[in-house]
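Here is the structure we will look at, set down as structure tokens.
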Amino acid sequence: MILAIANQKGGVGKTTTVVNLAAALAARRKTVLVVDLDPQANATSGLGVEPKEGVSLYGALMRIADVNDFIVGTAVDRVNLIPSEVNLAGVEIELARMDDHLGGVRKVLKPVVDSKVFDYILVDCPPSLGILMSNALAAADAVLVPMQCEYYAMEGLSVILKLVERMRATGANPGLRVEGIAMTMYSRTRLADEVVAQVRDHYGDAVYKTVVPRSVRAGEAPSYGIPLVAYAPSTPVAQAYFILANEFLARQKALAAADGKVDSIAPKSGAIA
Ligand code: ADP
Ligand code: MG
């Protein structure tokens, strides 16, 4: 399945969630492909791969080569990657020109999905409401939204959830589910506790029980080119991502048992619409 990790805000923990969730799933013996759709290439370097011109989904989208030719290994066993690079920014323009301007990423990933090599494909989205992110949402089975435990985060959340609803309503991706909302960078303050309580009150079970704490270790990790989960698995942030991966896998299992009949998790108060 394709899981888009998305939030139009930057700095909310998308990339950190992608690389650590990928590594945690790999530790559970799942085979994972990370697709870095952010031209800033943070997931690429965070997984120990140096961004290289011409090696990204750009090449596949422009039919320069087969998509499988762009899949590389990473610092983590069982985690593979389609890297990003600066050229990916140009893809926005190319995608906009296509007749099916929302379907480019889905089309290009189809052979990878069909090959069934990967249990999970995690797409790291850029921090904007642009065409790359819309393409990721059009291609995805579900979206995981990381959000910071801070005051204005709720507003940002409603924006992305509305976009998901629009993808469903317009038929761009009728089956798109909200996989879950992951609260990140939690520090023990009254404000953070209030935000967590408010988000839970509003979105109920859509919010993962696990809350990722704030830690300087998480901030250092990108410079080592290996996710915290892989090099410091006993740290609180790594532990949180292991538990998040377990929650994610449990939801997948429940969904499979319900034969896909479980609908997208709706907010308690209907706030998405
Ligand atoms: P995004 O991809 O949404 O822009 P990142 O995952 O890159 O967000 O995180 C933004 C910054 O915050 C990065 O410098 C990252 O290392 C740092 N960071 C992420 N998660 C944590 C955390 N739990 N504790 C402390 N710093 C974090
Ligand atoms: Mg990022």
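Worth pointing out:
- In the set 130, 156, only one residue is over 20 Å from residue 241 (Cβ atoms), of a type in the set (Gly, Ala, Ser), touching a strand residue (DSSP E or B) at 6+ places or on another chain (Cβ under 8 Å) and surrounded by fewer than 22 Cβ atoms within 10 Å (Cβ to Cβ); that residue is 156.
- Residues in region 105-127 that are among the charged types (D, E, K, R) and more than 14 Å from ligand 1 (Cβ to nearest atom) were compared, and the one that is least open to solvent (accessible area, probe 1.4 Å) is 119.
- Taken over region 14-29, residues that are assigned to a loop (DSSP other than H, G, I, E, B) and either in contact with a helix residue (DSSP H, G or I) (Cβ under 8 Å, 6 or more places away or on another chain) or buried (at least 22 other Cβ atoms within 10 Å of the Cβ) (or both) amount to 1.
- For region 144-157, the criterion of being away from ligand 1 (no atom under 14 Å from the Cβ) and closer than 19 Å to residue 251 by Cα is satisfied by no residue at all.
- Put simply, of 117, 112, 123, 105 the only residue that is under 27 Å from residue 26 (Cα atoms), in a strand (DSSP E or B), of a type in the set (A, V, I, L, M, F, W, C) and in contact (Cβ under 8 Å) with a residue 60 or more places away in the chain is 123.
- Test for residue 64: is it in contact (Cβ under 8 Å) with a residue 40 or more places away in the chain and either farther than 22 Å from residue 120 by Cβ or open to solvent by less than 50 Å² (accessible area, probe 1.4 Å) (or both): no
- Region 177-191 - residue that is of a type in the set (D, E, K, R) and in contact with a strand residue (DSSP E or B) (Cβ under 8 Å, 6 or more places away or on another chain) and, of those, farthest from residue 217 (Cα to Cα): 177
- Taking the numbered list (1) in contact with a strand residue (DSSP E or B) (Cβ under 9 Å, 6 or more places away or on another chain); (2) open to solvent by 10 Å² or more (accessible area, probe 1.4 Å) in turn, residue 201 passes all entries but (1).
- Identity of the residue in region 30-48, more than 16 Å from ligand 1 (Cβ to nearest atom) and β-branched (Val, Ile, Thr), that ends up surrounded by the most Cβ atoms within 10 Å (Cβ to Cβ): 32
- Identity of the residue in region 213-272, basic (Lys, Arg) and in a loop (DSSP other than H, G, I, E, B), that ends up modelled with the highest pLDDT: 214
- Yes/no for residue 85 being without any contact (Cβ under 8 Å) to a residue 60 or more places away in the chain, part of a loop (DSSP other than H, G, I, E, B) and within 16 Å of ligand 2 (Cβ to nearest atom): yes
- Selection within region 1-18 - farther than 15 Å from residue 160 by Cβ and out of contact with any Phe, Trp or Tyr (no Cβ under 9 Å at 6 or more places or on another chain): 15, 18
- Check on residue 10, near ligand 2 (Cβ under 10 Å from one of its atoms) and surrounded by fewer than 18 Cβ atoms within 10 Å (Cβ to Cβ): yes
The values are calculated or read from the model by the stated rules, or taken from the named source; none is laboratory data. It should be emphasised that the depicted structure is a prediction, and the values quoted were computed from it without experimental measurement. Neighbour counts run over all protein chains shown; Cβ positions are idealised from the backbone, glycine included. Quick note on the areas: whole protein, heavy atoms, side chains included, nothing else; ligands and nucleic acids left out. Shrake-Rupley method; radii C 1.70, N 1.55, O 1.52, S 1.80 Å.
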